[in-house]
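Some notes on the structure that comes next.
Derivation of every value follows stated rules applied to the coordinates shown; laboratory data play no part. Everything numeric here is computed off the predicted structure, so don't read it as measured data. As a convention, Cβ positions derive from the backbone with ideal geometry for all residues, glycine included, and neighbour counts pool all protein chains shown.
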Amino acid sequence: MIELHELTKRYGDKLAVDRLSFTIPTGVVTGFLGPNGAGKSTTMRMMLDLDRPTAGSVRIDGKQYGQLREPIKYIGALLEAKAVHPGRTAYNHLLWLAQSNRIPTRRVDEVLSQVGLTAVAKKRSGGFSLGMGQRLGIAAALLGDPKILMFDEPVNGLDPEGILWVRNLMKALAAEGRTVFVSSHLMSEMALTADHLIVIGQGRLLADLSMNDFIDQNSHSFVRLRTPQPEQLLDLLAANGMTATPDSDGAFEVVDADPARIGDLVAAHGVTLHELSPQRASLEEAFMRMTADSVEYHTGVYPTHPLPPGELGQPGEPVESGQPVDSAPASAPTSAPAWGADWRNSKSPKKKES
Ligand SMILES: Nc1ncnc2c1ncn2[C@@H]1O[C@H](COP(=O)(O)OP(=O)(O)OP(=O)(O)O)[C@@H](O)[C@H]1O
């Protein structure tokens, strides 16, 4: 179990992470969602001791990262796929990591096979596509057979088959009882993978809830109607206790209505319809609405559906951390050198400016 308490990071004037407190449960996939610049990578770097918090703390099974004796066997992380020497082959990159962390050499072949890179194991990573780089980064994260895995946007650059593979891998790792923490800026992707959700915007916690609760609160249905007789339609619906909301394209939407009932009603009263279609609100829209006030780089495109009342608060409004779904005590690791310093050295500073 990982616990963040009031974690804060300031870069000059920029408050990148703002008093974040939440718990990452064991044995499930926890999605870490937020728009670009929300503070996901900064939070993950602080969790791995690659960045020093301005305030607050991270505890991994009750310990600070620096107190873990064999971090690579405790936490595997993919933060940046290209953090690999380009002249080194995939095999040698993993071999170097294994040998410097007292991991048996056979693990190199095992993880190469697990991520589907056996055929290109002896090729230099500099020639790898982004997707192959992601797979190599995932192989490195798996190398120490860690009980906690952290992935920063792992499906970036992957083709559909690769995306499916990552999804299944994360679920399988969680089913083995591991803690899986994965960041994304795509709600649609997380809806297919995560059991639990942490949503942040501008460094602040916006939601901490189970995926099922998020779906229950946001996947409301509605019926879309289009008619050349809008006044008659609206009067008829109102007379039967239904409220229609005009859409931007001239259609109307009736929330939580029975399409068959509307069809029967308009037929009985001779109102012409050009469209009657049952719809379900997209989770991506709900996520965009929740984070709308905290998006750093606006495109001006916003969904039109209001968030239904629920426990999520208003867009951009921070919430208190929720309860963990599950927690399991972990046994303490034994010994060996850390690999955190290598990540620190190989990672270039973030490109974004405040
Ligand atoms: N080294 C740094 N120096 C100054 N500002 C930084 C630094 N690293 C991150 N930031 C700023 O902190 C904020 C959070 O950035 P971060 O990369 O953590 O967000 P993110 O949610 O991971 O975004 P993305 O999805 O785009 O990767 C951004 O405004 C970013 O510009």
Taking amide hydrogens as modeled 1.01 Å from N in the peptide plane, which residues meet the under 5 Å criterion relative to residue 78, leaving out close sequence neighbours?
150, 151, 152
Under 5 Å from the placed amide H of residue 89, counting only residues 5+ away or on other chains, we find 125
Charge tally in the Cβ shell below 13 Å around residue 226, where Lys, Arg are +1 and Asp, Glu are -1, residue 226 excluded:
-3
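Can you order the peptides 58-64, 197-203, 226-232 by their average number of other Cβ atoms within 10 Å per residue, highest first?
On the way: 58-64: 16.7, 197-203: 25.0, 226-232: 14.9.
Highest-to-lowest ranking by the protection proxy: 197-203, 58-64, 226-232.
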If you find the alpha carbon centre of region 158-231 and of region 113-132, how far apart are they in angstrom?
29 Å
Listed highest first by mean packing, meaning other Cβ atoms within 10 Å per residue, what order do 277-287, 34-44, 248-258 come in?
34-44, 277-287, 248-258
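In region 98-196, which GluC sites (Glu not before Pro) are in a loop and have at most 14 other Cβ atoms within 10 Å, using DSSP for the loop call?
On the way: sites: 110, 161, 176, 189; in loops: 176.
Passing both the DSSP loop test and the Cβ count: 176.
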Got a sec? How would 85, 185 order by Cβ neighbour count within 10 Å, fewest to most?
85, 185
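Treat the count of other C-beta atoms within 10 Å as a stand-in for reagent exposure and order 220, 274 from fewest to most.
Values: 220 16, 274 10.
By the 10 Å Cβ count, ascending: 274, 220.
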Applying the gyration tensor rule to the Cα atoms of region 221-280 (axes a ≥ b ≥ c; rounded if a/c under 1.5, else prolate if a/b exceeds b/c, else oblate), the class is rounded
